[in-house]
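S.K.: To start, I am sharing the structure in question, which I have written as structure tokens.
The values are calculated or read from the model by the stated rules, or taken from the named source; none is laboratory data. What you are looking at is a predicted structure, and each value in this text was computed from that prediction instead of being measured. A quick note on method: Cβ atoms are made from the backbone with ideal geometry, for glycine too, and the neighbour counts reach across all protein chains shown. SASA here: full protein model, heavy atoms, side chains in, ligands and nucleic acids out. Shrake-Rupley method; radii C 1.70, N 1.55, O 1.52, S 1.80 Å.
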There are 2 protein chains.
Amino acid sequence: MASSQEEVTLLGATGSPFVCRVHIALKLKGVEYKYVEENLRNKSELLLKSNPVHKKVPVFIHNEKPIAESLVIVEYIDETWKNNPILPSDPYQRALARFWSKFIDDKVFGAAWKSVFTADEKEREKNVEEAIEALQFLENEIKDKKFFGGEEIGLVDIAAVYIAFWVPMVQEIAGLELFTSEKFPKLHNWSQEFLNHPIVKESLPPRDPVFSFFKGLYESLFGSK
Amino acid sequence: MASSQEEVTLLGATGSPFVCRVHIALKLKGVEYKYVEENLRNKSELLLKSNPVHKKVPVFIHNEKPIAESLVIVEYIDETWKNNPILPSDPYQRALARFWSKFIDDKVFGAAWKSVFTADEKEREKNVEEAIEALQFLENEIKDKKFFGGEEIGLVDIAAVYIAFWVPMVQEIAGLELFTSEKFPKLHNWSQEFLNHPIVKESLPPRDPVFSFFKGLYESLFGSK
């Protein structure tokens, strides 16, 4: 391959919200890329070599240079392809976008996941409380904006794809109410707007197999309802 | 105060490695700032108002606009004051710097802390193993560079102040060997170089009271040796 040609590869797994973030960022920028589905039970040499620290997807490889960690990848994409900016240009607004993206990773992901997939009842209740508390902060933050990024999708929206697409699925599987339109009307409106955005639509995995996958995981842990 | 004048305030606590990161960044840039020591048992109104999500230090306030999360603050400082860059200019090198800083937060902090301050023996051993494994990755990464940032201190060096200054203290208190010159000669060389850097020297808290504080904490948990 000519060295002047861009070589852009994403190693991923269909059901991963972290991988989905990278799909959205690349499609927003209109970057052509090769997607490689990893078998996470039998990871490729390329994955292990490209992310020896975590051995996880997503891994983004640009002209043979690998990057791991979804938010790090999204910032890299934003700095490399300048059209359709994902981060705001103002340093203070950039700091807030980084703060809320990190908040989603630190406070929403684990709590929402453990609200569903934890066996211990007390532990589960604690996580439900924490997830709801975290979502309340986001409800207050979105206010009446169309997206967290304003009129266009930005870093926080991309980080929050987990809340829009994954949380409703896993709470349905567990018969839980974490994120509902009654509890969080503004965040719910945001999620509808976001899921209907053409770029997001084409970046999401197909719902049915992902739902079945998580339902299977849930039933393997707790039996079927 | 005239609105054209810069108003730069850091809310912190002396013993915090996260606060120390911000001191280093500000001093590297030569930014004049007001430091306010918080009493963490009786947090100020300003702290609670400025960081309602986490209610933690550091909080950085620039012209009345507050930012929380130490690495977010350091990036903001780097974007606001352009002299003595903390992040590299090349997008790939920036991604690597962000990756390793996040690695330190995710893989070193908790493991090193729990290696010392966990009562459960098994849990403690597991964390010792994880801390050593994480430090090995950093040993491999520093190679023969003076700093992680190359010839000058960069984001990863600032993130790693915990390893240079705090880990040696808490391991001494617990009689543990996590980070030693035998185990990690290159990382140890780095830590000496880093701690002797004039900017770092004037940013570090005085060792004795911080040592006494952590020793007191350790003895309150496990009794004195």
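S.K.: Can you give me the orientation-averaged projected area of the convex hull built on the Cα atoms of the range B:147-198, in nm²?
M.R.: 3.5 nm²
S.K.: With the calculation restricted to Cα positions, what are the radius of gyration and Dmax of chain B in angstrom?
M.R.: 17.8, 58
S.K.: Next question, about the same structure. Could you point to the residue in A:F184, B:S115, B:L195 farthest towards the positive end of the protein assembly as shown's charge dipole, with +1 and -1 charges on the Cβ of Lys/Arg and Asp/Glu respectively?
M.R.: B:S115
S.K.: Let me ask something else about it. Sorting check: for B:139-150, A:73-84, A:158-169, which peptide has the highest mean count of neighbouring beta carbons within 10 Å, and how do the rest follow? Show your work: numbers first, answer last.
M.R.: On the way: B:139-150: 15.9, A:73-84: 18.9, A:158-169: 22.9.
Packing order, densest peptide first, comes out as A:158-169, A:73-84, B:139-150.
S.K.: Another question about this same structure. Roughly how many debye, to the nearest 20, is the charge dipole of the protein assembly as shown about its Cα centre, given +1 on each Lys and Arg Cβ, -1 on each Asp and Glu Cβ, and no other charges?
M.R.: 100 debye
S.K.: Right, next: Two decimals, Cα atoms only, Kirkwood Rh: what is Rg/Rh over the range B:103-225?
M.R.: When Rh is taken as the Kirkwood radius, the ratio is 0.97.
S.K.: Can you work out the base-10 log of I(q)/I(0) for the protein assembly as shown at q = 0.06, 0.09, 0.10 1/Å, using the Debye formula on its C-alpha atoms alone?
M.R.: Log-scaled intensity ratios, in q order: -0.27, -0.64, -0.80.
S.K.: About its Cα centre, how strong a charge dipole does the range A:94-225 have in debye, to the nearest 20, once Lys and Arg get +1 and Asp and Glu get -1 at the Cβ?
M.R.: Once rounded to the nearest 20, the dipole reads 200 debye.
S.K.: If you don't mind, another one. Using only the Cα atoms of the range A:61-133, build the gyration tensor, take square roots of its eigenvalues as a ≥ b ≥ c, and label the shape rounded, prolate or oblate: rounded if a/c is under 1.5, else prolate if a/b is larger than b/c, else oblate.
M.R.: It comes out oblate by the Cα gyration axes.
S.K.: What total accessible surface area, summed over both chains, is buried at the interface between chains A and B, computed with a 1.4 Å probe and given in Å² to the nearest 100?
M.R.: 2400 Å²
S.K.: Long-range amide H contacts for A:E7: which residues qualify at under 5 Å (H placed 1.01 Å from N, peptide plane, sequence gap of 5 or more or a different chain)?
M.R.: Long-range HN contacts for A:E7: A:N63.
S.K.: Using only atoms on other chains, find how many Cβ atoms lie within 10 Å of each Cβ of peptide A:88-101 and report the average.
M.R.: 5
S.K.: How much of the DSSP beta bridge set in the protein assembly as shown is antiparallel, as a percent to the nearest 5?
M.R.: 70 percent
S.K.: While we're looking at this one, here's another question. Take the Cα atoms of the range A:8-72, build their convex hull, and give its volume per residue in Å³.
M.R.: 80 Å³
S.K.: Suppose all protein chains stay in the model; what accessible area per residue would a 1.4 Å probe give for chain B, in Å²?
M.R.: 48 Å²
S.K.: Starting from the exponent 0.38 and prefactor 2.2 Å, build the expected Rg for the range A:95-140 from its residue count and divide its actual Cα Rg by it. List each step's numbers first, then the result.
M.R.: Numbers: Rg = 11.3 Å, N = 46, 2.2 N^0.38 = 9.4 Å.
Compactness ratio reported: 1.20.
S.K.: If you don't mind, another one. Report the number of Lys pairs in the range B:91-222 whose alpha-carbons are under 12 Å apart, with separation of 8 or more residues or on distinct chains.
M.R.: Details: B:K114/B:K122; B:K114/B:K126; B:K143/B:K186; B:K145/B:K186; B:K146/B:K186.
Taking the range B:91-222 as the scope, the lysine pair count is 5.
S.K.: Taking every residue in A:65-76, how many Cβ atoms of other protein chains lie within 10 Å of its Cβ, on average?
M.R.: 4
S.K.: Tell me, what % of the accessible area of the protein assembly as shown is carbon and sulfur with a 1.4 angstrom probe?
M.R.: Working: 10820 of 21620 Å².
Looking at the protein assembly as shown in its full context, I get 50 percent from C and S.
S.K.: Consider just the alpha-carbon atoms of the range A:171-225 and return their Rg together with their Dmax, both in angstrom.
M.R.: Radius of gyration, then largest Cα-Cα span, for the range A:171-225: 13.8, 37 Å.
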